Amino acid sequence: MSDLLETAAGLVGPGTGILAADESIATMSRRLERAGVDATPASRRDYRALLLTTPGLGRWISGIILCDETLGQSLADGTPFAVAARERGIQPGIKVDTGVSQLPFTDGVSVTEGLDGLRGRLERYRAQGATFAKWRAVFNAPICATPGGASTKDGNRRGIRANAHGLARYAALCQEAGLVPIVEPEVIMDGDHHIAVCERATAAVLAQVFAELDVMGVDPRAIVLKPNMVVPGSFSETPAAPAEVARRTLQTLRAHVPPAVPGIAFLSGGQRNEPACANLRAINELAAEEAAPWHLTFSFGRALVDDALVTWQGDPGATAVAQAALAANCARAAAAHRYTPEPAPAVRP
Ligand code: 13P
């Protein structure tokens, strides 16, 4: 277990965060094509290689999440991605869920799949050099915010139960295999809802997730939680300033996340880099005032990489400028992770 504790602590250490570069083949291909790049295994590799070989990346990035395809690929010089990451002081991680399907007897509520055969896959990923893993479950804010709790038989509430169970079984398998699980319950920003709706939904989801993690025997000291920030829907007419996002986010986390969890690495959820970093900075400032028990950092995808992709557009001549855009976004996010919690008191034998 001590290796897992060290890995988890390393992922959320001061002034660094996690780069999510683990889009599925389908999602990555869509994003490449939107940027005018033919989507092939080679272009997906070249794009991820551009990200990873950004000069100085290890100053801001503690871990990079890859997908199955990239973990099996190598840079142009033949160095496997996992080795290249380690050479830069960055831990290689792997997304292990296999996407979502629809829960029966619900109106389009999704459940994340991927438990079948997971034990064997985790062994392979560890042999390929991964030290941590990621599983993302997706929740709709207005649906999950409906009063009644996950215990009701309302079809929409089944999504919370099923996804929390999946996250917990995944996390237990990871710890058994010697990998730190990133537990990612994401209340998505889609919609025009008020921030209070996201807050209620996030609370309901986190309550169920930590109850299931406990049932499955997952050690909270050896996970990283990757939640959404508490924010309004992307089409909400009532924006929220960073101070409000920070207050509602920390209040929700305090109510549901055990202090033993070493760190919380927020996803960006479609926020652009500057607002995501402003919110992260405000969360860290409030955490310092309130002496919150966790490191509070980032595990952004789009908020870090979008600018690099539109700058690159598959042109090798644009690589350096695209890498500079990624570096600037990573530096801004890392600077927002400023708060260091007091170390937990030593446990007496
Ligand atoms: P975004 O930061 O783009 O939301 O991506 C994070 C992630 O890992 C989604 O699973």
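A short reminder: the numbers here are calculations on the coordinates, not readings from a lab. The shown structure was predicted, so the numbers you read here are calculated from the model rather than taken from an experiment. Glycine gets a Cβ as well: all are built from the backbone with ideal geometry, and neighbour counts include every protein chain shown.
Thr27 meets each of the listed conditions (1) in contact (Cβ under 8 Å) with a residue 24 or more places away in the chain; (2) surrounded by fewer than 20 Cβ atoms within 10 Å (Cβ to Cβ); (3) under 13 Å from Val305 (Cβ atoms) apart from (1). Of all residues in region 172-192, which are crowded, with 22+ Cβ neighbours inside 10 Å and touching a Gly at 6+ places or on another chain (Cβ under 9 Å)? Answer for region 172-192, where residues must be crowded, with 22+ Cβ neighbours inside 10 Å and touching a Gly at 6+ places or on another chain (Cβ under 9 Å): Leu179, Val180, Ile182, Val187.
Candidates are the residues of region 31-48 that are assigned to a helix (DSSP H, G or I) and small (Gly, Ala, Ser); the one that is farthest from Ala76 (Cα to Cα) is Ser43. Is it the case that Val218 is more than 16 Å from the ligand (Cβ to nearest atom), buried (at least 22 other Cβ atoms within 10 Å of the Cβ) and of a type in the set (A, V, I, L, M, F, W, C)? The answer is yes for Val218. Restricting region 290-314 to residues that are surrounded by fewer than 24 Cβ atoms within 10 Å (Cβ to Cβ) and under 30 Å from Ala260 (Cα atoms) leaves a set whose member that is farthest from the ligand (Cβ to nearest atom) is Ala291.
Residues that are within 16 Å of the ligand (Cβ to nearest atom) and farther than 28 Å from Leu5 by Cβ number at least 3 in the following strands (runs of 3 or more DSSP E) confined to region 74-174: 132-140.
State whether one or more residues within region 176-191 are away from the ligand (no atom under 14 Å from the Cβ), in contact with a Pro (Cβ under 9 Å, 6 or more places away or on another chain), more than 22 Å from Val305 (Cα to Cα) and of a type outside the set (Phe, Trp, Tyr). Scanning region 176-191, I find at least one residue that is away from the ligand (no atom under 14 Å from the Cβ), in contact with a Pro (Cβ under 9 Å, 6 or more places away or on another chain), more than 22 Å from Val305 (Cα to Cα) and of a type outside the set (Phe, Trp, Tyr), so the answer is yes. Residue-level check: of (1) away from the ligand (no atom under 14 Å from the Cβ); (2) in a loop (DSSP other than H, G, I, E, B), Asp3 misses just (2). Taken as a whole, the structure leaves Ala204 outside the set of residues that are within 26 Å of Gly233 (Cβ to Cβ) and surrounded by fewer than 18 Cβ atoms within 10 Å (Cβ to Cβ).
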